Each structure stands twice: as C-alpha cells, then as structure tokens.
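J.: I'd like to ask some things about the structure below.
The values are calculated or read from the model by the stated rules, or taken from the named source; none is laboratory data. Please read these numbers as outputs of a predicted model, since none were measured by experiment. Here Cβ is always computed from backbone atoms with ideal geometry, including for glycine, and neighbour counts include all displayed protein chains. SASA here: full protein model, heavy atoms, side chains in, ligands and nucleic acids out. Shrake-Rupley method; radii C 1.70, N 1.55, O 1.52, S 1.80 Å.
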Amino acid sequence: MEKFAEVALPVPMRRNFSYRLTPAQASSAMPGCRVKVPFGRQQLIGVIAIISDQCDLPAAQIKNVTNLLDEQPLLPPALLLLIERGARYYLSSLGQMLTQALPTALRKGASSEAKHETYLQLTDAGAALTVVDIKRAPAQIKLWQALQRGAISKDTMQQLELSPAALKTMEQKGWISRKEVAPSQDLSWRQQLTLLEQPLSLNTEQAIAVGAINSRQGFYTSLIEGITGSGKTEVYLALLEQVLAAGNQALILVPEIGLTPQTIDRFRRRFKVNVAVIHSGLTDNQRLSAWQQARSGEAAIIIGTRSALFTPMEYPGIIILDEEHDSSFKQQEGVGYHARDMAVMRGQLENIPVILGSATPSLETLNNALNGRYGHLSLNARAGNAKKVRQGIIDIRNQPLNCGMSAALINEMRQHLDAGNQVLLFLNRRGFAPALLCHECGHLHECDRCDAFFTVHQALNEICCHHCGNQYPIPRQCHQCGSTLLAGQGIGTEQLEQTLSHLFPQYPVVRIDRDSTRLKGSLERHLTAIHRGEYKILVGTQMLAKGHHFPDVTLVGLLDVDGALFSADFRAPERFGQLYTQVSGRAGRATKPGTVLLQTHQHDNPLLKELLHKGYGDFARNQLKERGMALLPPAWHMVLVRAEAHQAEDADALLQAIANLLPQDKEFEIIGPLPAPLDRKAGKFRRQLMFQAKDRQRLQRECERILPLVTGLAETKRCRWSFDRDPQDLL
Ligand code: ADP
Ligand code: ZN
Ligand code: ZN
C-alpha cells in the first residue's frame with residue numbers, strides 16, 4: 001500500500017503538506033524524522049508530522065519525498081507534542097514552531113548523530129602537580145583546575161574561556177593529553193553521582209522549599225519567590241542533587257544576560273557531570289553538539305537561554321527557570337512563544353517538576369501561585385547575614401541638577417566613595433543624549449524613517465536611531481535652519497559617565513550598556529574588573545540590574561524614574577517594580593549595609609510609596625488586583641495583532657477587517673485599530689488591534705476560527721501582519 005507523509009515545512013502557511021514516500025522510505029520513516037521535499041521551485045527540509053495510507057490530493061499532484069534524512073525521530077514524542085501544542089497556542093504553523101525549536105545545523109540537514117570529539121585530560125604527571133609547580137601562570141592554573149574535575153571537550157574549553165596558549169604549553173610539558181571520544185556515550189554519572197564540593201547546610205526556608213518540592217512526584221509547577229541573595233541558586237543545586245542522583249537530567253533556563261561563566265561555573269563546581277551550555281553565541285556546530293549530548297543523556301545538566309527549552313533529554317528530570325519574570329524569555333521575532341509558559345507545558349508532557357524562581361515574580365506566575373495552581377515557596381531571609389537596605393526618595397522638583405544628578409545624590413555618593421565603597425548609578429538611556437536640539441530654532445532631529453528622535457553618540461561622533469539602526473555623522477548644522485548651535489538634549493549613560501569622571505576624578509568610572517559591551521567577552525571583563533575593585537563608580541542601563549552581584553556596592557542611585565513609571569504600556573508599573581527591586585538587590589550584600597536613592601518629580605506617587613514601604617511582594621499583589629479590575633492580563637487573555645504597511649490606511653483597513661470577524665460582547669473586547677506607540681518605524685506605519693477575552697479557551701477558538709479567514713483577506717496583500725499571543729511588549 002502507498003504511504004504518504006504530512007510534512008511540516010518552515011513556511012508561514014498554517015498547514016502541513018503531503019508527499020508520497022517510496023516503499024524503501026516508508027519502511028523506516030516515522031513522525032519526527034526529517035525529509036527533503038520539493039516545494040515550488042526549491043527543495044525544503046521539513047519534519048514528518050503524520051504518516052498515513054491515503055492522501056486527499058489528486059494522484060497527479062502528489063510529489064515524492066526527495067530524501068529521508070533520519071532513521072530515528074529527531075525529537076521524542078513528548079517534544080513533538082510540545083511543539084504541536086505550542087504552534088497551536090501561539091497561532092503559528094507547525095513548521096515555523098519547529099524552526100524555533102531545532103538547531104540551525106539540523107534545519108540545514110546536518111546529521112543528528114554525534115561525531116567524534118576531542119577531549120583533554122590530565123596525564124598522571126599532570127594530576128600529580130600542585131599549584132606551586134605551575135606557579136605564576138594563572139591561565140595554566142585555571143586550566144589545570146578545570147581538568148582536575150574531569151576531562152573536558154575542546155568546545156567546553158572555549159566556553160570556559162580557558163587559554164589555548166596554556167593548553168599548548170601544558171601539552172608540551174606532558175601534563176595534558178588528548179583523547180578522541182567516540183559517540184558511544186558516557187552515562188556513568190547515572191550510576192554514581194560525584195559531588196565536587198560539599199553543599200552548604202540549608203537554612204530553614206531553603207530546607208522547607210527543597211522538602212516541599214521533593215515530596216511531590218511527577219509534574220508540578222512551583223514558584224520560588226525569594227529576595228535577591230536569599231539562596232535560590234543553592235536551592236536549585238539541592239534539587240539537582242536529587243534529580244541527578246536518580247539518573248535524570250536537568251534543564252536550567254536563564255535570561256539572556258544571566259548566562260555568564262560564573263553562573264555556569266556554579267553548576268560545574270558542584271557536580272562531576274557533563275554540563276551542556278546552549279545560547280545564541282554558539283556556532284551551529286557547537287550548538288548541535290550540545291544538543292546531541294543532551295539528547296543522548298551524556299549531558300546531565302543543560303543550561304541555556306530561551307530556545308534551550310526545546311532541547312531533548314533522554315532522561316528528563318526537572319526544568320528550572322531562573323529569573324522567570326525576565327522579558328527575554330518571550331520571543332519577539334517569528335513565533336512569539338514564551339519559554340516560561342512552554343516550560344510548564346513541557347513539564348506536563350514529560351511529567352516532571354517545573355521550578356520558577358524570582359525575587360520579583362511576574363504577575364502571571366504570582367497569580368498562578370496565589371490561586372493554587374502552582375506551589376508557592378518563599379525565601380525571605382538573605383542567606384549569610386546581610387543587612388536590609390535603607391531606601392530614600394529625593395524630590396527633584398525645582399532642584400538644580402548636574403547632568404541629572406541632584407546635590408543630595410552627589411553628596412551621598414561622595415560619602416560612600418570616600419569610605420572606600422562602590423556606587424552604582426542607574427539610567428535607562430544609552431548614548432550621550434536622547435535628542436539633538438537646535439538652540440536657535442528649536443528643531444529636534446528626527447529619524448527620517450521612524451517616528452523617533454535620533455540619539456547622540458558622541459564617542460562615535462554619530463547620531464543614531466535606536467529603533468531602526470539608521471545612523472549619520474553628527475551634523476554640524478541644523479537640518480531646519482542651518483544654525484551651528486546644536487546641542488544634545490537630555491542625558492544618556494555616555495554623558496553621565498563623562499560628567500562623573502570630571503566630578504570624581506579620583507574614582508574610576510565604568511559604563512555598562514549595550515554600546516560598551518558590544519564586543520564578545522567585554523561584559524565579562526567589565527564585571528571582573530568591577531569585582532576586583534578597579535572601578536568605583538558603575539553607570540549603566542538595565543543590564544546592570546540583572547543577575548550580577550556587586551558585593552562592594554553600598555549606594556545605588558536611580559536617576560530618572562518618572563519616565564519608567566508612566567508609559568502607555570499596562571505592564572509599566574510591574575516592570576518598574578521589578579527593575580527597582582532588582583537594582584536595589586545589587587547593593588549591600590555580604591556585610592555592608594546598602595542604600596538606595598531614587599530621584600523623582602513624583603515623590604508623592606502612591607505606587608512608588610507602596611513599592612518602597614511595603615516591597616515588591618505587596619506591590620505586585622496590589623497590581624494584580626488592579627489588573628483584575630481593569631480586565632487586563634492575567635485576569636483576561638490577550639492577543640495583539642500587528643500590521644505594518646507603507647500606507648497607514650492599508651494597515652488600518654486590514655485590522656478593521658479582522659475586527660469585523662470577531663465577536664464583541666461583555667466577555668470579549670476589541671480595542672483598535674490604533675497607531676502603535678512607535679507609529680512609524682523604518683519607513684513603515686505600524687498599527688495594532690488588541691483583543692481580549694475572559695475565557696482562554698474561547699479566545700483560542702475564535703483565533704483558530706478567524707485565522708484562515710484572515711489569510712484570505714485581500715487587505716493582507718499590502719501589509720505585514722502577525723498575531724502575538726500574550727504580548728509582553730506593546731511597542
Ligand atoms: P540568589 O540566587 O537567591 O540570589 P544565591 O544562591 O546566589 O542567592 O545565594 C546568595 C549568597 O548566599 C551566595 O554567596 C551563597 O553562597 C550564599 N548562601 C546561599 N545559601 C546559603 C546557606 N544555606 N548558608 C550559607 N550561605 C548561603
Ligand atoms: Zn535650527
Ligand atoms: Zn529610525
């Protein structure tokens with residue numbers, strides 16, 4: 001009998017495509033195997049979704065599968081199901097969801113079987129060394145210490161940023177040898193788990209959290225709401241110990257910016273197991289090899305950013321999402337999936353626990369914890385015995401400001417610096433100045449392709465649009481009147497850095513933002529220098545608020561919070577609450593008490609007061625109530641339709657046509673079409689339509705009903721459009 005494959009292809013059409021399998025292909029093809037197939041004039045690589053005995057197409061129209069690329073399914077059934085459910089939930093095609101889920105090398109047709117790999121190990125002579133023998137070669141000591149924990153691959157060596165020069169020397173001295181490891185996997189960790197360092201003894205709250213999670217079997221989601229420094233990571237490590245000892249693997253997801261060698265090292269230091277690291281900086285081959293190690297079970301721990309969620313595990317044991325509130329877990333391009341929500345789906349499909357940890361949980365997760373759908377564990381004590389931070393508001397109405405800083409803040413800075421401590425200033429605007437102003441005619445220079453001002457980058461001698469990347473040399477004359485009296489308007493981190501080095505010449509300043517950390521490894525280098533005390537003043541954007549601990553910082557200043565609090569986005573207060581709490585958490589660890597000062601024109605603002613006096617926990621619980629009253633997520637469920645076109649009317653017409661397809665009643669609300677907050681970007685007009693429903697299932701049904709109709713609308717021809725389920729960013 002003839003066999004047909006329904007194939008998911010990386011195309012926007014929300015359906016699969018049928019092809020005929022030859023008898024030879026049919027004998028080994030299975031759902032989850034890749035095939036190469038003709039599509040129009042090209043050959044595409046897709047994944048078999050279903051194999052069936054019949055095909056609705058007329059026989060003459062059915063094309064043959066060109067090649068079957070796998071003998072075994074690429075993904076286990078649970079992951080295929082996850083991708084199917086994800087595609088459905090996020091209103092995308094199965095093929096597009098697969099594109100997010102598979103490493104690029106596999107999408108291009110690489111073999112999914114592992115190749116031989118080169119490992120480095122200490123020779124007997126190398127193992128017999130002591131630190132004294134290698135004296136004065138720190139790079140060698142570092143490599144030697146890493147190898148003492150076991151053989152490592154060349155890829156791992158690169159990830160740990162170990163020195164190739166040190167390797168060469170130590171090989172020449174006969175201390176290190178190489179071995180080629182065949183893809184026969186080393187699964188010895190499953191028989192015997194070795195701890196490389198003793199766990200800390202847990203405090204009461206940590207022990208309760210570990211006990212509560214370990215007492216459950218199978219799928220269960222728990223929120224660990226623990227203030228910064230309360231020892232969440234130590235809890236993860238304790239949970240891992242159980243999971244690994246039982247022979248199961250752990251998947252750990254961290255925000256993009258949180259995946260530093262220090263983070264990875266904490267897991268490597270504790271367990272003598274293979275740790276696979278997956279992030280966007282890997283080459284296609286490195287990524288494939290990490291994926292293979294995870295799939296075979298050789299990597300006991302898989303740690304990575306958003307897309308690592310889709311890494312297959314032979315022995316799934318637990319999924320942990322750290323800093324679960326972080327916005328980098330939501331994909332913005334292509335399929336707008338949320339790694340947190342899909343992690344919970346995956347946990348359910350693989351029947352394993354899911355742990356969500358944060359000092360500042362998202363309102364979605366908090367809601368699930370408060371209504372009992374998720375377990376809820378709290379860590380309120382700072383591990384070790386750091387003191388609580390002192391907080392204050394500086395009312396800057398009518399105050400003279402020096403580059404955005406009040407006299408009160410500068411005084412306080414001086415005291416902390418003179419006492420030998422570090423100071424952190426937070427300003428969420430990179431560049432020198434957020435606009436270029438003509439002093440004579442008042443003209444503000446605007447990007448010619450966006451509805452936005454140019455940011456001045458003095459060090460680069462450029463004006464640059466942060467929305468489309470458009471850039472020009474800083475003009476000498478006003479575009480409007482020709483005057484040469486041009487000046488930056490407003491303050492960015494670059495200017496702040498400059499002013500501070502004049503104000504405090506004896507205290508070195510470092511700036512941490514996207515511009516200063518563009519080069520690979522530069523963030524790492526800055527952070528190391530900060531830890532060594534080479535810098536005294538830290539200036540930065542939200543990059544500074546995430547995940548990094550600065551034990552010698554005793555003063556944190558937030559320069560301009562008014563903009564952050566008031567924004568068109570309903571998530572603005574939540575985001576601000578998280579940011580404020582995270583930035584504050586950087587201060588006063590260890591034994592030094594910390595101070596946080598916040599400059600504002602709104603010293604009476606009730607949200608600010610609540611945040612400062614009651615803390616994020618109460619603030620977030622109140623925000624949740626307000627969202628409920630305003631019928632906003634997570635109380636209601638939201639979809640944002642975006643449309644972009646060269647003519648604004650075209651985008652409006654499409655969105656209006658979509659709105660006309662939808663119901664409107666007390667439990668289904670439509671807002672728009674409206675201009676997006678950034679109305680014009682890269683030369684295109686951007687409009688949006690928001691719809692919300694009280695019932696999640698109903699929202700799903702309506703979306704599935706209208707999507708095929710939308711695809712058929714004539715108005716789609718002149719627009720780019722997309723559906724964003726649970727939008728995080730309304731821009
Ligand atoms: P979080 O992840 O919540 O920010 P960490 O796990 O990084 O917190 O812990 C903060 C600091 O406290 C670390 O230096 C860690 O080694 C230490 N710590 C954590 N748990 C304990 C404990 N039970 N006893 C002593 N120190 C601890
Ligand atoms: Zn002018
Ligand atoms: Zn622009």
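J.: Of the GluC sites (Glu not before Pro) in the range 1-107, which ones lie in a loop per DSSP and count no more than 12 other C-beta atoms within 10 Å?
T.: Working: sites: GLU2, GLU6, GLU71, GLU84; in loops: GLU2, GLU71.
Qualifying residues, ordered by number: GLU71.
J.: Let me ask something else about it. Of LYS232/LYS609; LYS36/LYS520; LYS142/LYS536; LYS108/LYS154, which sit over 29 Å apart, Cα to Cα?
T.: Distance filter (> 29 Å) returns LYS36/LYS520.
J.: Additional query: Semi-axes of the equivalent ellipsoid of the chain: what are they in whole Å, largest first, if each equals the square root of 5 times a C-alpha gyration tensor eigenvalue?
T.: 41, 38, 27
J.: With a 1.4 Å probe and every protein chain left in place, work out the accessible area per residue of the range 671-731 in Å², rounded to a whole number.
T.: That works out to 49 Å² per residue.
J.: Moving on to the next point. Run the numbers for GLN656 and PHE570: contour at 0.36 nm per residue of separation, minus the present Cα-Cα distance, in nm.
T.: On the way: separation 86, 0.36 × 86 = 30.96 nm, distance 2.30 nm.
Stretched fully, the GLN656-PHE570 segment lengthens by 28.7 nm.
J.: Pulled fully out, how much extra length does the chain show between GLN506 and GLU333, if you take 0.36 nm times their separation in residues and subtract their Cα-Cα distance?
T.: Residue separation times 0.36 nm, minus the Cα-Cα distance, leaves 57.8 nm.
J.: Of the beta bridges DSSP finds with both residues in the chain, what % are antiparallel, to the nearest 5? Show your work: numbers first, answer last.
T.: Working: 66 of 120 bridges.
Counting only bridges with both partners in the chain, antiparallel ones make up about 55 percent.
J.: On to the next question. Over the range 44-165, average the accessible area per residue using a 1.4 Å probe and give it in Å², no decimals.
T.: Ligands and nucleic acids excluded, the result is 51 Å² per residue.
J.: Express the C-alpha Rg of the range 38-138 as a ratio against the empirical globular expectation 2.2 N^0.38 Å, rounded to two decimals. Could you put the intermediate results ahead of the total?
T.: Numbers: Rg = 23.4 Å, N = 101, 2.2 N^0.38 = 12.7 Å.
Cα-based Rg divided by the globular estimate yields 1.84.
J.: Please identify every one of the GluC sites (Glu not before Pro) in the range 324-427 that sits in a loop by DSSP and has no more than 13 other beta carbons within 10 Å of its own beta carbon.
T.: GLU333
J.: Also: Expressed as a fraction of 2.2 N^0.38 Å, the rule-of-thumb size for a compact globular protein of N residues, what is the C-alpha radius of gyration of the range 570-704?
T.: 1.41
J.: Could you work out the per residue convex hull volume over the alpha carbons of the range 457-613, in cubic angstrom? Present the calculation step by step, with values, prior to reporting the outcome.
T.: Working: hull volume 26.0 nm³, N = 157.
Per-residue hull volume (Cα only) is 166 Å³.
J.: Also: Can you give me the % of accessible surface on the chain that is carbon or sulfur? Probe 1.4 Å, all protein chains present, nothing else counted.
T.: 50
J.: Treating the beta-carbon of each Lys and Arg as +1 and of each Asp and Glu as -1, no other charges, what is the dipole magnitude of the chain about its Cα centre, to the nearest 20 debye? List each step's numbers first, then the result.
T.: Working: 81 positive and 72 negative charges, 189 e Å.
With only Lys, Arg, Asp and Glu charged at Cβ, the dipole is about 900 debye.
J.: Could you give each residue of the range 661-669 its phi-based ³J(HN,Hα) in whole Hz, using Karplus coefficients 6.51, -1.76, 1.60 with θ = phi - 60°, and x for Gly or Pro?
T.: For the range 661-669, the Karplus curve yields 7, 9, x, 9, 7, 5, 10, 8, 10 Hz.
J.: Please figure out what share of the DSSP beta bridges in the range 545-690 is antiparallel and state it in percent, rounded to the nearest 5.
T.: Numbers: 12 of 16 bridges.
Counting only bridges with both partners in the range 545-690, antiparallel ones make up about 75 percent.
J.: Using only the Cα atoms of the range 103-149, construct the convex hull and provide its projected area averaged over every direction, in square nanometres to one decimal.
T.: Over every viewing direction, the Cα hull of the range 103-149 projects on average to 5.1 nm².
J.: What's the extension gain from HIS613 to GLN664 if we count 0.36 nm per residue and subtract their Cα-Cα distance?
T.: 14.2 nm
J.: Among GLN728, MET690, ALA645, whose Cα sits farthest toward the positive end of the charge dipole of the range 584-731 (+1 at Cβ of Lys/Arg, -1 at Cβ of Asp/Glu, about the Cα centre)?
T.: Of the candidates, GLN728 comes out farthest on the positive side.
J.: Could you point to the residue in LEU558, ILE302, PHE4 farthest towards the positive end of the chain's charge dipole, with +1 and -1 charges on the Cβ of Lys/Arg and Asp/Glu respectively?
T.: Selected residue: ILE302.
J.: Answer with one residue from ALA59, LEU74, PRO164: the one whose Cα lies farthest towards the positive end of the charge dipole of the range 59-173, charges on Cβ with Lys, Arg +1 and Asp, Glu -1.
T.: About the Cα centre, the residue reaching furthest to the positive side is PRO164.
J.: Now for a different question. About the Cα centre, and with charges only on the beta carbon of Lys, Arg (+1) and Asp, Glu (-1), how big is the dipole of the range 604-731? Nearest 20 debye, please.
T.: With Lys and Arg at +1 and Asp and Glu at -1, about 220 debye.
J.: Same structure, new question: Might you tell me the accessible area per residue for the range 282-383, computed with a 1.4 Å probe and given in Å²?
T.: Working: 2720 Å² over 102 residues.
Normalised by residue count, the accessible surface of the range 282-383 is 27 Å².
J.: To the nearest 10 square angstrom, how much accessible area does ASP618 have with a 1.4 angstrom probe?
T.: Looks like 70 Å² after rounding.
J.: Using a Förster radius of 41 Å, what is the FRET efficiency between ASN214 and ASP133 based on their Cβ-Cβ separation? Nearest 0.05, please.
T.: E(calc), rounded to 0.05, equals 0.45.
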